[in-house]
């Protein structure tokens, strides 16, 4: 009996240790700035997606906003450590919560910018049909007030930042921020590395358009060398090209299964479980289902 009690105590201690370790692993890593050049940085850590920071001649641009007040406060504090120039603009690459929820914790004096479709998607119902929190009156100051359609340039004194829209993909409003001197583009969630690509069909995203959009991006920004995404390390042109080719192969494979009369559930078994959402999106695009 004593032996059993001792064994149970050991098991309980191990379970408690693993639970505490798991909780510690889930703790948010503090925000930090990782330099790309003396003017351009990635914003890593905190709650929310990777973002960016650009220090111009007369002001600062932030790319994407994290999710909560603590992460935004840490972002602003980190910026103040390296420059006394004011934050003039915050650019949202698209409308997902891990990129825009923190908007409301930045000073309302900042000008918020996004693609016109992204602004519309701020007010789009959630995946479950729930009304958007951005319909609340106290959020109005933090919704993008400047939008563009195809391309817009912003000048920080002698320095130019290019905002580009190449088409529908992850959502209908994903845009790219390109820094010509650094040959670096911030692309939001238009590419995931090490996990299946997310296509938000409920926001109008489309996998086939996604392939066209990324192809157009590479063709247009032919001198871009680095691509910063919301959930991965910096990638190069070859990685973007590989992603496009992998998407095409997956689409053709699913197309062949559809032609063979297989159901969605049957097709899902042909792919890893973590690709289920992407497979469903492609299937629905091919069959016209929603």
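Condition check: in contact with a helix residue (DSSP H, G or I) (Cβ under 9 Å, 6 or more places away or on another chain) and surrounded by 20 or more Cβ atoms within 10 Å (Cβ to Cβ). Does residue 102 satisfy that? Against the criterion (in contact with a helix residue (DSSP H, G or I) (Cβ under 9 Å, 6 or more places away or on another chain) and surrounded by 20 or more Cβ atoms within 10 Å (Cβ to Cβ)), residue 102 qualifies. Take the conditions (1) more than 16 Å from residue 233 (Cβ to Cβ); (2) within 13 Å of the chain's Cα centre (by Cα); (3) not in a loop (DSSP other than H, G, I, E, B); residue 210 misses just one of them, which is (2). Per the conditions (1) in contact (Cβ under 8 Å) with a residue 40 or more places away in the chain; (2) farther than 20 Å from residue 50 by Cβ, the sole criterion not satisfied by residue 239 is (2).
So which residues in region 242-283 are assigned to a helix (DSSP H, G or I), more than 20 Å from the chain's Cα centre (by Cα) and free of Cβ contacts under 8 Å to residues at least 12 places away in the same chain, if there are any at all? Answer for region 242-283, where residues must be assigned to a helix (DSSP H, G or I), more than 20 Å from the chain's Cα centre (by Cα) and free of Cβ contacts under 8 Å to residues at least 12 places away in the same chain: 245, 249, 252, 256, 259, 265, 266, 273.
Take region 118-152 and flag every residue that is part of a helix (DSSP H, G or I), without any contact (Cβ under 8 Å) to a residue 60 or more places away in the chain and within 20 Å of the chain's Cα centre (by Cα). Those that are part of a helix (DSSP H, G or I), without any contact (Cβ under 8 Å) to a residue 60 or more places away in the chain and within 20 Å of the chain's Cα centre (by Cα): 118, 119, 120, 122, 133, 134, 142. Annotation note: of 267, 282, the sole residue that is buried (at least 17 other Cβ atoms within 10 Å of the Cβ), touching a helix residue (DSSP H, G or I) at 6+ places or on another chain (Cβ under 7 Å) and closer than 26 Å to residue 49 by Cα is 282. Does residue 205 satisfy the criteria of being touching a strand residue (DSSP E or B) at 6+ places or on another chain (Cβ under 8 Å) and assigned to a loop (DSSP other than H, G, I, E, B)? Against the criterion (touching a strand residue (DSSP E or B) at 6+ places or on another chain (Cβ under 8 Å) and assigned to a loop (DSSP other than H, G, I, E, B)), residue 205 does not qualify.
Any residue in region 226-235 that is modelled with pLDDT of 95 or more and assigned to a helix (DSSP H, G or I)? For region 226-235, residues modelled with pLDDT of 95 or more and assigned to a helix (DSSP H, G or I): absent.
The values are calculated or read from the model by the stated rules, or taken from the named source; none is laboratory data. Small disclaimer: the values here were computed from a predicted structure and weren't measured. Neighbour counts are summed over all protein chains in view; Cβ atoms, including those assigned to glycine, are modelled from backbone coordinates with ideal geometry.
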